[in-house]
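Engineer: Below are the structure tokens for one structure; questions will follow.
No lab work stands behind these numbers, since they all come straight from the coordinates. This one's a predicted model, so the numbers in the text were calculated from it and none came from an experiment. All Cβ positions, even for glycine, are placed from backbone atoms using ideal geometry, and neighbour counts span all protein chains on display.
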Amino acid sequence: MAEVKRQPKVPGDVKCMFCDGTGKHQDETCIVCDGKGTVYVVDSTRKCQWCKGRGYLMPKIPCTTCGGTGYTRPVNKQRLF
Ligand SMILES: [Zn+2]
Ligand SMILES: [Zn+2]
């Protein structure tokens, strides 16, 4: 019987879901991706289960679980919002 293994983490750049890759949110520089439109996350293959990959739970408030990326925690951020 083949054992179901957990997928290895694949760090990488993903499109910032909070600003939808535009780098702007409500006419201001996106606080999640710093205006880049992409974020380097610890696992680019897994979407955030908490916000279902949207990057936010309520408008203007980034998801605290994934830091607004829609995926996993950003690599370069120690603290989330
Ligand atoms: Zn962004
Ligand atoms: Zn999330």
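Engineer: What pairs come out if I take residues in region 3-16 that are surrounded by 14 or more Cβ atoms within 10 Å (Cβ to Cβ) and pair them with residues that are part of a loop (DSSP other than H, G, I, E, B) whose C-beta lies under 6 Å away, six or more apart or interchain?
Structural biologist: Pairs that qualify, where the first residue is surrounded by 14 or more Cβ atoms within 10 Å (Cβ to Cβ) and the partner is part of a loop (DSSP other than H, G, I, E, B), are Gly12/Ser44; Val14/Ser44; Val14/Tyr71; Lys15/Gly21; Cys16/Val32; Cys16/Cys33; Cys16/Gly37.
Engineer: Continuing with this model, one more query. Return the pairs, sorted by first residue and then second, in which the second residue is assigned to a loop (DSSP other than H, G, I, E, B) and among the polar types (S, T, N, Q), the first residue lies in region 26-42 and is within 8 Å of ligand 1 (Cβ to nearest atom), the beta carbons are less than 6 Å apart, and the residues are 6+ apart or on different chains.
Structural biologist: Val39/Thr69
Engineer: If you check Tyr56, Tyr40, Tyr71, which single one turns out to be away from ligand 2 (no atom under 12 Å from the Cβ) and under 11 Å from the mean Cα position of the chain (by Cα)? Quick ask: steps written out before the conclusion?
Structural biologist: Working: Tyr56 fails: away from ligand 2 (no atom under 12 Å from the Cβ); Tyr71 fails: away from ligand 2 (no atom under 12 Å from the Cβ).
When all the criteria are applied, what remains is Tyr40.
Engineer: Scan region 24-51 for residues that are charged (D, E, K, R) and closer than 15 Å to Gly12 by Cβ and report the count.
Structural biologist: Residues meeting the conditions: 4.
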